[in-house]
Amino acid sequence: VRSETTLEIWDFICMSLLLYIYLLSEDEDEPPVLDCPLECDCTPSYPSFFPSHIKYVYLQNNQITTITNGVFDNAPNLAWISLYTNKLNSDKIGDKVFAKLPNLQRLFLHNNNLSRVPQGLPRSLRDLHMNHNNISKIPVESFHGMSNLTALHLQVNAIEDLGNALEGLHSLTLLDLRGNRLKKIPESLPPMLSQLYLEYNRISSVPADFLSQRPELRFVRLSHNQLTNGGIPTNAFNFSTLVELDLSFNKLERIPTISTSLENLYLQANKIKGTEKKKHLEDVTTQKLIRHVKGFYANLLLNNMPVVIAYFKTATY
């Protein structure tokens with residue numbers, strides 16, 4: 001049986017090994033994957049004290065179920081906390097766990113058992129990962145004051161409606177809501193949003209002013225929904241600022257009106273007929289054809305209607 005002193009020494013060695021691996025990493029954009037060293041036991045517990053100078057904490061891939069208030073209070077310089085792939089429950093996360101971290105920029109909470117957004121998130125946050133949880137509702141005050149947030153990852157939850165929860169996120173450029181239960185495109189989308197991912201929901205229609213009120217939107221992905229032509233207003237996607245539009249795996253029978261400046265259009269696995277495809281392609285310049293119909297050609301092949309083959313002879317890959 002190891003003495004208490006010996007256990008403390010091993011805990012110190014384990015933490016030192018993790019910090020050493022981090023220092024060897026040169027990638028500052030993504031957290032390195034730190035496997036549990038062979039000499040250590042990855043238990044449901046975590047250190048009750050963090051040094052004041054520490055900036056990065058990696059606690060992912062453990063069995064942690066609870067985070068209590070005060071655990072990070074001695075480390076106000078923390079910029080990065082990784083708690084993904086644990087067994088965290090919303091009822092067992094203190095309401096002030098992250099409140100005293102004025103420099104926290106990235107928080108990784110994905111792949112847990114969360115049912116709601118943690119309280120008291122710091123306004124300094126830039127990147128928040130809460131995907132692969134059990135979140136169904138997001139109260140309007142959840143992101144209050146978080147004007148520095150640029151990326152919000154909420155994919156693979158059970159969200160049905162966001163209401164006005166996104167109001168005030170003036171810096172948000174990426175919103176990932178794939179794999180939820182949305183029946184409509186969220187209202188009050190932030191004005192600076194450039195990437196919107198809504199695949200695998202239950203959306204059947206698009207607002208007429210969807211893009212006109214959000215000129216910064218460049219990438220819109222709506223595949224695997226329930227979109228029909230009746231639910232898409234005539235010029236909903238006809239804006240020159242849009243770069244990529246994914247409407248694949250829906251119920252479209254006609255190609256929506258789009259801008260000729262669009263670079264990537266995905267329409268495979270719809271109900272579009274061959275004559276409709278050919279008419280649309282004749283309106284597209286040969287120079288932009290390859291970019292314009294990426295994925296669309298596969299749709300032609302699936303329907304045994306290779307009417308576009310001749311158009312590819314003058315194009316280069």
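Some points to look at:
- Members of the range 119-131 that are assigned to a loop (DSSP other than H, G, I, E, B) and buried (at least 20 other Cβ atoms within 10 Å of the Cβ): LEU121, LEU125, MET130, ASN131
- Of the set (1) surrounded by 21 or more Cβ atoms within 10 Å (Cβ to Cβ); (2) within 21 Å of ALA99 (Cα to Cα), all apply to ALA151 but (1).
- Matching entry among ASP176, ASP161 (being touching a residue at least 40 places away in the same chain (Cβ under 8 Å) and either among the acidic types (Asp, Glu) or on the phi > 0 side of the Ramachandran plot (or both)): ASP176
- Hits in the range 257-279 (condition: modelled with pLDDT under 95, crowded, with 19+ Cβ neighbours inside 10 Å and of a type outside the set (A, V, I, L, M, F, W, C)): LYS277
- Selection of the range 189-230 for residues being more than 16 Å from the chain's Cα centre (by Cα) and of a type in the set (Lys, Arg) yields ARG202, ARG214.
- Subset of the range 157-177 (residues that are surrounded by fewer than 19 Cβ atoms within 10 Å (Cβ to Cβ) and of a type outside the set (S, T, N, Q)): ALA158, GLU160, ASP161, GLY163, GLU167, GLY168, HIS170, LEU174
- Taken over the range 72-95, the criterion of being under 19 Å from ASN112 (Cα atoms) and either in contact (Cβ under 8 Å) with a residue 60 or more places away in the chain or assigned to a loop (DSSP other than H, G, I, E, B) (or both) is satisfied by LEU83, TYR84, THR85, ASN86, LYS87, LEU88, GLY94, ASP95.
- Residue list for the range 190-221, restricted to those being more than 15 Å from ILE258 (Cα to Cα), of a type in the set (A, V, I, L, M, F, W, C), touching a strand residue (DSSP E or B) at 6+ places or on another chain (Cβ under 8 Å) and part of a loop (DSSP other than H, G, I, E, B): LEU193, LEU198
- Taking the criterion of being within 19 Å of ASN61 (Cα to Cα) and loosely packed, with under 15 Cβ neighbours inside 10 Å, the only residue of the range 72-87 that qualifies is LYS87.
- Here GLU199 clears all of (1) over 22 Å from ASP95 (Cβ atoms); (2) touching a Pro at 6+ places or on another chain (Cβ under 6 Å) except the condition numbered (2).
- ILE232 within 20 Å of ALA208 (Cα to Cα), in contact with a strand residue (DSSP E or B) (Cβ under 9 Å, 6 or more places away or on another chain), surrounded by 14 or more Cβ atoms within 10 Å (Cβ to Cβ) and at pLDDT 55 or above: no
- Summed over the range 90-122, residues that are among the charged types (D, E, K, R) and under 17 Å from LEU59 (Cβ atoms) total 2.
- From GLU216, GLU253, residue being of a type in the set (D, E, K, R), in contact with a Pro (Cβ under 8 Å, 6 or more places away or on another chain) and surrounded by fewer than 16 Cβ atoms within 10 Å (Cβ to Cβ): GLU216
The values are calculated or read from the model by the stated rules, or taken from the named source; none is laboratory data. In this text the structure is predicted, and so the values were computed from the model without any measurement. Glycine also receives a Cβ, built like all others from the backbone with ideal geometry; neighbour counts cover every protein chain displayed.
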